[in-house]
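J.: Pasting a structure below so you can have a look.
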Amino acid sequence: MDNKKMHALVTLANDIRVGLFRLEDNRDLFDKLEGLGVELLGFFDEKISALLKWDSVAHHPIIAVNDQDSEKRQLFSLAHEIGHLFIDYGWLPEPYKAQNDFDQLDGVLNVTHYRRVGNRHDARDMQREALMDDFARNFLMPFDEVKVKYIDNGLQAEKTIDELVERYYVSEVAARTQLGFVKKVGGEEW
Ligand SMILES: [Zn+2]
């Protein structure tokens with residue numbers, strides 16, 4: 001994906017985080033989602049990390065996450081499914097959109113598996129999943145905040161990664177990947 005598209009994704013993730021969710025502490029994401037009318041469920045399956053459904057009786061989306069996962073992993077799965085919900089299905093909560101308008105979606109909209117490489121996904125699905133992971137990281141760790149931290153830390157990667165883990169309640173792998181993303185996409189500016 002080119003940088004222009006990446007910047008659009010970064011902006012969207014930030015707008016949804018700040019403008020709609022008013023999310024400061026990522027651990028509040030469960031409550032924030034419910035506040036916006038999304039039903040949350042837990043389940044267990046060895047191969048599935050999360051799934052997204054539309055309930056046409058209750059007229060709301062359902063995100064189910066694997067509750068055997070760590071809380072950090074669950075938060076990442078939620079952010080990934082938020083990407084599917086907003087980007088793939090154009091969902092917005094009341095009062096922006098009438099929820100009845102989505103009832104035609106009825107049923108399971110998306111299933112997200114672990115270890116996506118070598119699954120039965122085709123190349124297009126793989127790209128889509130990678131895009132949702134990019135969205136999820138930028139939703140949980142806003143691009144500009146990561147960039148400022150990295151610059152303030154004198155471009156020390158390990159120190160920055162430690163701070164990201166602490167501030168955003170993410171795994172070290174997710175923090176490292178996001179710093180790599182910020183360096184790659186925003187790298188021309190320093
Ligand atoms: Zn997915």
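J.: Could you give every pair whose Cβ atoms fall below 8 Å, whose first residue belongs to the range 50-64 and is more than 16 Å from the ligand (Cβ to nearest atom) and in a strand (DSSP E or B), and whose second residue is at pLDDT 95 or above and of a type in the set (Asp, Glu), counting only separations of at least 6 or pairs across chains?
T.: Partner pairs satisfying both residue conditions: ASP55/GLU39; HIS60/GLU39.
J.: Evaluate the following for ALA175: is it more than 16 Å from the ligand (Cβ to nearest atom), crowded, with 19+ Cβ neighbours inside 10 Å and either of a type in the set (Val, Ile, Thr) or within 22 Å of LEU12 (Cβ to Cβ) (or both)?
T.: Against the criterion (more than 16 Å from the ligand (Cβ to nearest atom), crowded, with 19+ Cβ neighbours inside 10 Å and either of a type in the set (Val, Ile, Thr) or within 22 Å of LEU12 (Cβ to Cβ) (or both)), ALA175 qualifies.
J.: Please indicate, with yes or no, whether at least one residue in the range 136-150 is modelled with pLDDT of 95 or more and among the polar types (S, T, N, Q).
T.: Checked the range 136-150: at least one residue is modelled with pLDDT of 95 or more and among the polar types (S, T, N, Q).
J.: Still on this structure: Can you tell me which residues in the range 66-88 are within 12 Å of the ligand (Cβ to nearest atom) and either in contact with a strand residue (DSSP E or B) (Cβ under 9 Å, 6 or more places away or on another chain) or farther than 17 Å from LEU140 by Cα (or both)?
T.: PHE76, SER77, LEU78, HIS80, GLU81, ILE82, HIS84, LEU85, ASP88
J.: Of the residues ASP122, ASP144, which is away from the ligand (no atom under 11 Å from the Cβ), within 24 Å of LEU20 (Cβ to Cβ) and among the charged types (D, E, K, R)?
T.: ASP144 is the lone residue from the list that is away from the ligand (no atom under 11 Å from the Cβ), within 24 Å of LEU20 (Cβ to Cβ) and among the charged types (D, E, K, R).
J.: Over 14 Å from the mean Cα position of the chain (by Cα) and either β-branched (Val, Ile, Thr) or part of a helix (DSSP H, G or I) (or both): is that true of VAL18 in this structure?
T.: no
J.: Need the failing condition index for ASP45 against (1) in contact with a helix residue (DSSP H, G or I) (Cβ under 7 Å, 6 or more places away or on another chain); (2) at pLDDT below 95, just the number.
T.: In the conditions (1) in contact with a helix residue (DSSP H, G or I) (Cβ under 7 Å, 6 or more places away or on another chain); (2) at pLDDT below 95, ASP45 misses (1) alone.
J.: Name the one entry in GLY42, GLY90, GLY154 that is loosely packed, with under 15 Cβ neighbours inside 10 Å and part of a strand (DSSP E or B).
T.: On inspection, the qualifying residue turns out to be GLY42.
J.: Since SER77 meets every condition but one in (1) at pLDDT 95 or above; (2) over 25 Å from GLU166 (Cα atoms); (3) of a type in the set (Ser, Thr, Tyr), which condition does it not meet?
T.: Going through the list (1) at pLDDT 95 or above; (2) over 25 Å from GLU166 (Cα atoms); (3) of a type in the set (Ser, Thr, Tyr), SER77 breaks only (2).
J.: If we scan the range 149-167, do we find a residue that is closer than 18 Å to LEU9 by Cβ and more than 16 Å from the ligand (Cβ to nearest atom)?
T.: No; the residues of the range 149-167 include none that is closer than 18 Å to LEU9 by Cβ and more than 16 Å from the ligand (Cβ to nearest atom).
The values are calculated or read from the model by the stated rules, or taken from the named source; none is laboratory data. Note that the coordinates shown come from a computational prediction; the quantities given were computed from them, not determined experimentally. In this analysis, Cβ positions are derived from the backbone assuming ideal geometry, glycine residues included, and neighbour counts consider all displayed protein chains.
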